[in-house]
Amino acid sequence: MKYISTRGAMAASDFSEILLGGLAPDGGLVVPREYPQIDATTLQSWRGLGYGELAFEVLSRYVSDIDAADLRAIIARTYTAEAFGSEEITPVLELEPGLHLLRLSNGPTLAFKDVAMQLLGNLFEYVLAREGRSLNILGATSGDTGSAAEYAMRGKQNVRVFMLSPDARMSAFQRAQMYSLCDPNIFNIAVTGVFDECQDLVKAISNDLAFKSRHAIGTVNSINWARVAAQVVYYFKAWFAVTTGSDEQVSFSVPSGNFGDVLAGHIARMMGLPIATLVVATNENDVLDEFFRTGCYRVRRASETWATSSPSMDISKASNFERFVFDLLGRDPDRLSSLWLRLANEGSFDLAGSADFASIGRFGFASGTSRHADRIATIRRVHERYGVVVDTHTADGLHVAQSHRVAGVPMICLETAQPVKFAAAIREALGEEPPRPSAIVGLEERAQRFTRMPADVRLLKRFIAERCV
């Protein structure tokens with residue numbers, strides 16, 4: 001398997017070459033040269049595999065330069081009952097016939113990001129040791145990526161983490177989970193702005209190839225291909241959980257901000273997994289919903305990016321969206337580059353009326369938007385009807401899923417995080433505190449360590465240069 005850039009100017013590269021980086025050298029995103037195809041016979045042969053075995057079957061098709069035995073060992077070390085609460089790793093709960101919840105929040109930081117990030121930490125350590133290298137990880141988070149990355153990388157040899165987050169824009173739990181870490185290789189930076197400004201800083205440094213090379217800068221954001229590939233696995237796992245035959249279709253509803261989680265579903269579908277519909281569920285920051293409804297992709301300014309009760313989706317510039325548009329355009333890097341140049345100059349592009357947008361149905365996407373009142377009502381309804389407490393983002397996914405259910409096609413809603421991370425909304429919806437695992441009792445009272453900084457790339461570069469490995 002070789003990897004190329006969506007912008008077309010990167011030499012075909014192996015997995016280990018692109019693992020430690022973020023953006024491609026030409027500013028694009030790394031994608032596989034082709035998607036491996038899984039036929040019905042192979043798919044059925046995977047039925048009954050444990051999570052680790054299934055992960056190996058999927059990921060080995062994307063990782064051709066790590067010894068198979070080593071890859072198996074890395075996966076086995078990652079996906080354990082001790083780390084994820086059960087041997088199933090990502091269990092599926094039936095709420096009612098035809099409606100299911102894919103439980104993804106049982107990892108160390110209680111969010112779906114752990115499923116990929118725990119693997120990424122072990123892959124990083126393996127490749128760095130094999131090549132005798134060090135890495136300074138630069139990332140941006142709207143809530144859960146940061147803590148998942150930091151818990152995956154804490155104590156790793158030859159790795160430091162510089163994580164940007166929007167100051168005062170995360171829940172109290174999310175802030176405490178990140179800022180209370182005192183490991184010497186972890187640096188939290190609270191940017192006085194919104195998530196998109198944090199993301200822009202990461203991209204600016206990734207595009208400075210001299211600085212990136214001199215200071216060995218890598219990334220764990222969802223622009224990192226390995227993270228997306230790891231998330232593909234649980235789409236296969238969920239499909240097996242609710243089907244019996246090789247041609248049975250299912251649909252997925254995915255709370256979406258940066259488009260990474262639902263992109264993994266798109267990749268699974270491109271590989272041959274029988275997915276009828278991928279529902280993109282947004283909150284008040286509905287950039288993605290607007291595109292799938294109208295063909296117009298219009299990035300919002302910071303002043304137009306709303307702070308909501310599902311803050312991990314308070315994103316108005318979806319980084320992973322470029323990978324999907326690359327497929328939509330027939331994998332034409334010149335056309336993709338032209339669109340993203342227009343996006344940079346004008347803040348939007350519009351495919352309405354084009355042959356590309358007319359053919360979007362073949363990719364199986366649908367979309368919808370959820371508001372605060374919707375998610376509060378959904379949390380209350382799910383608790384009353386099924387005895388389950390869900391977080392605000394998962395509530396967005398469940399709310400939007402209702403209008404896209406089709407008789408005979410199971411709808412699987414992806415969980416984002418455990419509800420304790422968004423306690424204020426749970427109290428509003430249910431009038432009670434969400435359940436809290438014993439290991440995190442008193443988390444918000446712990447001492448916190450972080451650096452507040454304006455959205456200034458020069459200050460960030462100086463900060464990194466003074467502290468990098």
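Bear in mind that the values in this text are calculations on the coordinates, not laboratory data. Owing to the predicted nature of the structure, the values given are computational and were not obtained by experimental measurement. Cβ placement follows ideal geometry from the backbone for every residue including glycine, while neighbour counts extend to all protein chains displayed.
So if I take the centroid of the Cα atoms in the stretch 179-206 and the same for the stretch 270-326, what is the distance between those two points in Å? Value for the Cα centre distance between the two parts: 22 Å.
Considering only DSSP beta bridges with both partners in the stretch 253-410, what is the antiparallel share in %, to the nearest 5?
Numbers: 4 of 12 bridges.
Of the beta bridges lying entirely in the stretch 253-410, close to 35 percent run antiparallel.
Only beta bridges with both residues in the chain are counted; by DSSP, about 30 percent of them are antiparallel.
Taking the chain as the region of interest, the number of lysine pairs whose Cα atoms are within less than 26 Å, with members eight or more places apart or on different chains, is 22. Taking the helices alone, the chain has a mean residue ellipticity at 222 nm of -12500 deg cm²/dmol, built from -39,500 (n - 2.57) per DSSP H run of at least 4 residues and averaged over all its residues. Sorting 12-18, 316-322, 381-387 by their mean Cβ neighbour count within 10 Å, with the most densely packed peptide first, gives 316-322, 12-18, 381-387. Calculated on the alpha-carbon coordinates, the convex hull of the chain measures out at 133 cubic angstrom per residue.
Determine, for each peptide in 160-167, 3-10, 45-52, the mean count of other beta carbons within 10 angstrom over its residues, then list the peptides with the highest first.
Working: 160-167: 24.4, 3-10: 20.4, 45-52: 15.5.
Order by mean packing, descending: 160-167, 3-10, 45-52.
Estimated translational diffusion coefficient (Stokes-Einstein, Kirkwood radius over Cα pairs, 37 °C, 0.692 mPa s) of the stretch 158-310: 181 µm² per second.
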